[in-house]
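The values are calculated or read from the model by the stated rules, or taken from the named source; none is laboratory data. Every value quoted in this text rests on a predicted model; they were computed, and no experiment measured them. Because the Cβ atoms are built from the backbone with ideal geometry, glycine has one as well, and the counts that use them run over all protein chains shown.
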Amino acid sequence: MKVEELYQEIVKQLKRRENREAASKIVAKAKYFGVTIESYGLDELEEKEIFESYREGLKQSNLRERLELVKRLYASGFAEEVNFGNTVLMLSLDEITPAHYSLLDEIGSYLSHWGVTDWFCINILQPLLKQYTEETLELLRKWNRAEHTWKQRASVVAFTRKVGQSGKFTDEVLELCESLIWSREDYVRKGVGWALKDNMRGSKKKVLDYVKSLRERGVSSVITLYAIRDLKGRERKEVLGKKPKKR
C-alpha cells in the first residue's frame, strides 16, 4: 500500500471513533498548557487498538515508507495522528541510522509544539546520540542554526535528563546554547535553561561559571532562572547577585 493510501485509511479509522465533546476538552486542556492542536477526541486505549491493527503490516513495510508516514501524520496537527506517528517511530527506532537522517530532518520540520518536540528529543534523538554520536551532533548543529523554533529547541533539549547528567557533552551543549541565548522565542529560551540545568548536574563548575557569565551579559532571566532551579543557598544567591556589566 502506498504511504498516502495508508495514511488516509488510518485517518478514516480515527474519524470513525471521533468524539467531538471529548475533542473539545482535549484541545482546551492543551491550550491551557500553551499547545495548539486539533483532536478527534479518542482516549489512549482507542488509539492503541487502532495502532495494534496496523502493527504487523508496518513491521513488514519499508523503513523509509514508515518515516514518510510519520511525516504525513506529524503534518496533520491532530494529537491522535501525532501519537500514531510517535508509535511508528518507536517501532522503527532500532532500524534508524544516519542514512535516514535526511528524513528525520524533514520530520523535524513538522514539530509544532513543545510536547511533541520534547518527546522526540527524549525518545528518538537521545538514543541516536548515544549510538551515532558524531552524526547526531551534526544533525543537532544543523537544527540549532535553523529558522524553526522547535528545531532550535530540540537542538538543546536533546541534552537534558540523563544525557545532561552524564557530563559527556558539556562543551557541545555550551556551544549550542550560546547560539540561542538571544532568541526571542520563549520556548527556545526555556529549552536552553533546561539544558543548562541538567548539564550542571554533570559538569557543575563549568556550566555554573557559564550561567554566571550570562547574568553579567544581560541574557534573559528566563534562561538563567531555569538554569539554577537546582541551586540553593549561597550558590543561588551568588548567581542572582551577578548584574549586567556596563559597557
Give all pairs with beta carbons closer than 8 Å in which a residue from the range 39-65 that is within 22 Å of residue 104 (Cβ to Cβ) meets a residue that is of a type in the set (Ser, Thr, Tyr) and assigned to a helix (DSSP H, G or I); count only pairs at least 6 apart in sequence or on separate chains. 51/87; 63/92
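Just to be sure before I move on: is residue 103 surrounded by 19 or more Cβ atoms within 10 Å (Cβ to Cβ), out of contact with any strand residue (DSSP E or B) (no Cβ under 9 Å at 6 or more places or on another chain) and either assigned to a helix (DSSP H, G or I) or of a type in the set (A, V, I, L, M) (or both) in the structure I sent?
Working: surrounded by 19 or more Cβ atoms within 10 Å (Cβ to Cβ): no; out of contact with any strand residue (DSSP E or B) (no Cβ under 9 Å at 6 or more places or on another chain): yes; either assigned to a helix (DSSP H, G or I) or of a type in the set (A, V, I, L, M) (or both): yes.
It is false that residue 103 is surrounded by 19 or more Cβ atoms within 10 Å (Cβ to Cβ), out of contact with any strand residue (DSSP E or B) (no Cβ under 9 Å at 6 or more places or on another chain) and either assigned to a helix (DSSP H, G or I) or of a type in the set (A, V, I, L, M) (or both).
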Taking the condition of a type outside the set (Ser, Thr, Tyr), part of a helix (DSSP H, G or I) and within 21 Å of residue 11 (Cβ to Cβ), does residue 58 pass? yes
Which condition breaks for residue 124 when tested against (1) farther than 22 Å from residue 3 by Cβ; (2) under 13 Å from the mean Cα position of the chain (by Cα); (3) aliphatic (A, V, I, L, M)? (1)
Test: residue 85 is part of a helix (DSSP H, G or I) and over 13 Å from the mean Cα position of the chain (by Cα): yes
Of the residues in the range 104-124, those that are within 14 Å of residue 144 (Cα to Cα) and in contact with a Leu (Cβ under 8 Å, 6 or more places away or on another chain) come to 105, 117
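Quick one: how many residues across the range 103-156 are of a type in the set (Gly, Ala, Ser) and in contact with a Cys (Cβ under 7 Å, 6 or more places away or on another chain)? Full working, then the answer.
As a first pass, look at the range 103-156 and keep what is of a type in the set (Gly, Ala, Ser): 108-109, 112, 115, 146, 154-155.
With in contact with a Cys (Cβ under 7 Å, 6 or more places away or on another chain) added as a condition, the list becomes 154.
Count: 1.
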Here are 131, 126: which of them is among the polar types (S, T, N, Q) and touching a residue at least 24 places away in the same chain (Cβ under 8 Å)? 126
Over the range 24-50, the set of residues closer than 21 Å to residue 114 by Cβ and assigned to a helix (DSSP H, G or I) is 25, 26, 27, 28, 29, 30, 31, 32, 44, 47
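Report whether or not residue 59 is surrounded by fewer than 13 Cβ atoms within 10 Å (Cβ to Cβ), at pLDDT below 95 and out of contact with any Gly (no Cβ under 8 Å at 6 or more places or on another chain). Write out each step before concluding.
Values: surrounded by fewer than 13 Cβ atoms within 10 Å (Cβ to Cβ): yes; at pLDDT below 95: yes; out of contact with any Gly (no Cβ under 8 Å at 6 or more places or on another chain): yes.
Answer is yes for this residue.
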Inter-residue pairs, beta-carbon under 8 Å, first in contact (Cβ under 8 Å) with a residue 40 or more places away in the chain and closer than 15 Å to residue 151 by Cβ and in the range 183-196, second buried (at least 23 other Cβ atoms within 10 Å of the Cβ) and aromatic (Phe, Trp, Tyr), 6+ apart: 187/150
Condition (residue is charged (D, E, K, R), surrounded by 14 or more Cβ atoms within 10 Å (Cβ to Cβ) and touching a Ser or Thr at 6+ places or on another chain (Cβ under 7 Å)) applied to the range 213-223: is it met by at least one residue? yes
Matching helices (runs of 4 or more DSSP H) fully within the range 147-247 where at least 2 residues are of a type in the set (D, E, K, R) and farther than 23 Å from residue 128 by Cα: 186-200, 204-216, 233-240
